[in-house]
Amino acid sequence: MTPSQSPTAAERLVRAQSKAETLTEALPWIKTFAGATIVIKYGGNAMISRELQQAFADDIAFLRFAGLRPIVVHGGGPQITSMLDRLGIPSEFRGGQRVTSEEAAQVIRMVLAGQVNREIVSRINMNGDAAIGLSGEDADLLLAVPATTLVDGEVVDLGRVGDIRQVNTTVLREMLDAGRVPVICSIAAELGGEAGKPLNVNADLAAAAVAREMKADKLIMLTDVPGLYANWPDRDSLISQITPTELRELLPRLDSGMIPKMTAALDAVDHGVRQAHIVDGRMAHSILLEIFTTQGIGTMVQDLSTASDHRKDPQ
């Protein structure tokens with residue numbers, strides 16, 4: 001930048017005032033959510049772009065320094081698909097979930113626990129040393145049973161795909177109490193099953209299970225769309241807020257890829273999580289925009305009869 005292009009002192013002051021106003025707007029929300037447990041499902045295109053990867057890591061660090069207790073649950077669909085393709089292992093999706101053979105399950109474990117998890121932890125720890133990477137198999141953190149799904153009214157076997165039955169909340173609470181950020185990849189051990197044979201778990205459903213068992217204040221799921229649409233692809237039908245009853249009525253009409261996400265949100269809210277959010281992970285700092293601004297973004301699932309409205313200013 002040449003001297004003639006440098007901002008003047010007055011321009012720098014205006015920018016500084018704008019930043020101060022942003023912090024002032026966030027203050028009531030920081031007070032409201034201090035000490036809150038927030039479960040964030042990380043996935044989709046937010047995991048591909050380096051800029052978005054770092055923005056996500058910075059957001060998680062910000063939450064911790066602001067006094068919240070974040071837990072990250074992640075998948076790695078693009079990375080898994082890439083590796084399976086390289087190895088010549090076919091991929092098939094039924095009911096929005098990946099059909100997983102025993103061979104594929106071993107590859108998915110390798111990609112999630114050995115590659116993706118390490119990268120997320122490393123980026124968060126650029127702002128400190130709080131993040132600790134975990135597989136759902138560690139300390140029996142996630143215990144699951146083989147899952148099935150309904151496709152056109154018929155029960156479909158998904159292979160080595162898991163439906164979570166137990167979450168080791170003791171381990172997670174100990175980590176949160178110590179100021180740590182658990183980063184969990186969505187691999188589970190089989191409840192009563194053979195050791196060393198993992199179950200692949202849909203990351204949205206895994207995050208909902210963790211949020212449910214931890215009695216979290218919020219579940220935030222990052223996805224590749226701005227939120228839930230009442231009549232996709234009509235972009236004017238974006239839903240800002242929806243109740244569990246309304247969502248149950250809408251669920252059968254949703255695209256198959258959105259069904260696991262909205263099922264997860266519904267399950268979380270039905271079991272005591274105050275709010276579940278579907279947020280566009282392609283937008284940098286979307287987590288902070290949802291938590292620390294009055295407008296919020298994306299779609300919020302909330303039982304309005306039992307909870308306050310996050311879209312209103314805190315008192």
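If the condition is being part of a helix (DSSP H, G or I) and exposed (fewer than 10 other Cβ atoms within 10 Å of the Cβ), then the stretch 1-15 contributes Pro3, Ser4, Gln5, Ala9, Ala10.
Note on the stretch 261-307: residues that are under 16 Å from Tyr229 (Cβ atoms) and hydroxyl-bearing (Ser, Thr, Tyr) total 1.
Taking Val116 as meeting all but one of (1) under 18 Å from Ile38 (Cβ atoms); (2) touching a His at 6+ places or on another chain (Cβ under 8 Å), write down the number of the exception. Looking at each condition in turn, Val116 falls short on (1). Considering the stretch 198-315, the qualifying helices (runs of 4 or more DSSP H), each wholly inside and each with 2 or more residues that are under 20 Å from the mean Cα position of the chain (by Cα) and among the small types (Gly, Ala, Ser), run over 203-213, 259-270.
As a summary of the residue check, Asp58 satisfies the conditions (1) surrounded by 12 or more Cβ atoms within 10 Å (Cβ to Cβ); (2) over 29 Å from Met300 (Cα atoms); (3) acidic (Asp, Glu) except for the one numbered (2).
Going through the stretch 146-178 one residue at a time, which ones are in a strand (DSSP E or B) and in contact (Cβ under 8 Å) with a residue 60 or more places away in the chain? Within the stretch 146-178, Val156, Leu158, Gly159, Arg160, Val161 qualify. Do we have any residue at all in the stretch 20-41 that's modelled with pLDDT under 80 and among the charged types (D, E, K, R)? Scanning the stretch 20-41 turns up at least one residue that is modelled with pLDDT under 80 and among the charged types (D, E, K, R). All told, Ile132 falls short of being buried (at least 20 other Cβ atoms within 10 Å of the Cβ), in contact with a helix residue (DSSP H, G or I) (Cβ under 9 Å, 6 or more places away or on another chain) and in contact (Cβ under 8 Å) with a residue 24 or more places away in the chain. Flag: Ile30 does not match the condition of being surrounded by 13 or more Cβ atoms within 10 Å (Cβ to Cβ) and either among the charged types (D, E, K, R) or in contact with a Pro (Cβ under 8 Å, 6 or more places away or on another chain) (or both). For the stretch 211-266, the candidate set comprises residues that are of a type in the set (Asp, Glu) and either out of contact with any Lys or Arg (no Cβ under 9 Å at 6 or more places or on another chain) or under 20 Å from Pro70 (Cβ atoms) (or both); within that set, the residue that is surrounded by the fewest Cβ atoms within 10 Å (Cβ to Cβ) is Asp236.
Taking (1) at pLDDT below 95; (2) within 28 Å of Glu51 (Cα to Cα); (3) more than 17 Å from the chain's Cα centre (by Cα) in turn, Pro90 satisfies each apart from (2).
Answer yes or no as to whether Ile71 is touching a residue at least 24 places away in the same chain (Cβ under 8 Å) and either more than 25 Å from Asp129 (Cβ to Cβ) or loosely packed, with under 15 Cβ neighbours inside 10 Å (or both).
Values: touching a residue at least 24 places away in the same chain (Cβ under 8 Å): yes; either more than 25 Å from Asp129 (Cβ to Cβ) or loosely packed, with under 15 Cβ neighbours inside 10 Å (or both): no.
It is false that Ile71 is touching a residue at least 24 places away in the same chain (Cβ under 8 Å) and either more than 25 Å from Asp129 (Cβ to Cβ) or loosely packed, with under 15 Cβ neighbours inside 10 Å (or both).
The values are calculated or read from the model by the stated rules, or taken from the named source; none is laboratory data. All values reported here derive from a predicted model rather than from experimental measurement. Every residue, glycine among them, receives a Cβ derived from its backbone with ideal geometry; neighbour counts consider all protein chains shown.
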